[in-house]
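Enquirer: Below are the structure tokens for one structure; questions will follow.
Any read-out appearing in this document is the output of simple, stated calculations on the displayed coordinates, not a laboratory observation. No experiment lies behind these values; they were computed from the predicted model shown. Here Cβ is always computed from backbone atoms with ideal geometry, including for glycine, and neighbour counts include all displayed protein chains.
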Ligand code: HEM
């Protein structure tokens, strides 16, 4: 029997109801039965082996596209002849953080919707006099969309913590809330339009024809005659097709959870790796031993698990610089925690950084040391299981962690394997903003080809 004492993240909130989030999707869904069925479909849609392969394939394609933009920027500063002569001798100073926003957003959007967005192209066009053309994008004005997601995520706090009178009548607050509601409407309209178009495409596809593997298609066909999957992890009465509003809730959550997170974590990782040359060396040695330089390779899901040290670097980055600062749980029944009795309807705010820097679990917790997670014995693994909660824990653990690891490991292989990445200013502190989450703001780097590396 599963212990459901701490299954709820937040209690019902009339503010979240007004913001269109209460009882929808997975992230802030207070209704356990509804959460269970949404989470079941969410997990199913993003955890199939074909989804993992597709994630890597798209990531490789999008990384190639990114290299094309860098090449175009380098070409602007070198004549064609000198570029030919110096194929391995150019350098590009650029904001890696902005490119990461592009590649991570474009990856999640294509995997979720099955259609392209052009966030990297849009960033390229904003900094280069040479513009690239793109067409057939699933979301017009991708920058506005990504901004709307960020505003919605940060704006949730207003609806959670302020009562209706303050939200709608107090000067300044009411103006901010009005902007947030307009932002919500614009965001929901875009999501609804994506769902409606895909529903129509599916309806027009003959029953005998194979459908795409993207998350949106999986959510639309779930428990309909088109659903070929038999995997069940919830009670039969919860297995019913999802409504468009429920699908919108899931799409919103995958974008809220999946668009910015890996971008920030990879920025932190790059910063720490650049400040620890011995870690960088060990990381490159591992990569080169699995994918030798100058021998073409094609990344596959099973290759990623061989990258034990790269995995350890990601874990250590998530430990020392957790992206999400609080894990929240609300309980509807009285309980005992840490030797104290707690009444029903208590909300617990768990300080993730407190766990990650606790002296009982970690020696020298302020030191960046991926070896803590490298080739651990079982007792260390068990100890770290409760002390390391970068992706949360229990039944509400992050459902996107596998996709996040695929993106992060693939990028480590492709970027650091092929390019030498250095910070522009080694003395500059990492520029971050911290609230419920810690977000990177920029990461100026110099990128050069790794001399002995040839293209794959
Ligand atoms: C480095 C990347 C990421 C980090 C560090 C991260 C971290 C977290 C954390 C700490 C939680 C709270 C878990 C808990 O309360 O126990 C969470 C929940 C969640 N994450 Fe992630 N996440 C990442 C990437 C992603 C991605 C790529 C997606 C989508 C594909 C995603 C979707 C979600 C969703 C939907 C939830 C709510 C789950 C629920 O309440 O059932 N996350 N994440």
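Enquirer: How many of the residues making up region 127-160 are touching a residue at least 60 places away in the same chain (Cβ under 8 Å) and assigned to a helix (DSSP H, G or I)?
Expert: Of the residues in that region, 12 qualify.
Enquirer: Sticking with this one: From the list 44, 115, 36, 61, exactly one residue is more than 16 Å from the chain's Cα centre (by Cα) and within 12 Å of the ligand (Cβ to nearest atom). Which is it?
Expert: 36
Enquirer: Going through region 320-340 one residue at a time, which ones are surrounded by 15 or more Cβ atoms within 10 Å (Cβ to Cβ) and away from the ligand (no atom under 12 Å from the Cβ)?
Expert: Passing the criteria: 320, 331, 332, 335.
Enquirer: Hand me the list of helices (runs of 4 or more DSSP H) wholly inside region 346-456 holding 3 or more residues that are in contact with a helix residue (DSSP H, G or I) (Cβ under 6 Å, 6 or more places away or on another chain) and closer than 30 Å to residue 45 by Cβ.
Expert: So the answer is 401-411.
Enquirer: Further, regarding this structure: Which of the residues belonging to region 310-319 are more than 7 Å from the ligand (Cβ to nearest atom) and crowded, with 21+ Cβ neighbours inside 10 Å?
Expert: Answer for region 310-319, where residues must be more than 7 Å from the ligand (Cβ to nearest atom) and crowded, with 21+ Cβ neighbours inside 10 Å: 310, 312, 313, 314, 316, 317, 319.
Enquirer: Out of all the residues in region 240-295, which are closer than 25 Å to residue 216 by Cβ, touching a residue at least 12 places away in the same chain (Cβ under 8 Å) and not in a helix (DSSP H, G or I)?
Expert: Listed by number, the residues that qualify are 240, 241, 242, 259, 260.
Enquirer: Please specify each residue of region 8-22 satisfying the condition of being within 13 Å of the ligand (Cβ to nearest atom) and either without any contact (Cβ under 8 Å) to a residue 60 or more places away in the chain or out of contact with any strand residue (DSSP E or B) (no Cβ under 7 Å at 6 or more places or on another chain) (or both).
Expert: 21
Enquirer: Kindly indicate whether residue 343 is farther than 30 Å from residue 160 by Cα, out of contact with any helix residue (DSSP H, G or I) (no Cβ under 7 Å at 6 or more places or on another chain) and surrounded by fewer than 17 Cβ atoms within 10 Å (Cβ to Cβ).
Expert: So residue 343 does not fit the description; no.
Enquirer: Right, another one. Do we find a residue being in contact with a strand residue (DSSP E or B) (Cβ under 6 Å, 6 or more places away or on another chain) and outside any strand (DSSP E or B) anywhere in region 319-338?
Expert: Yes, that holds for at least one residue.
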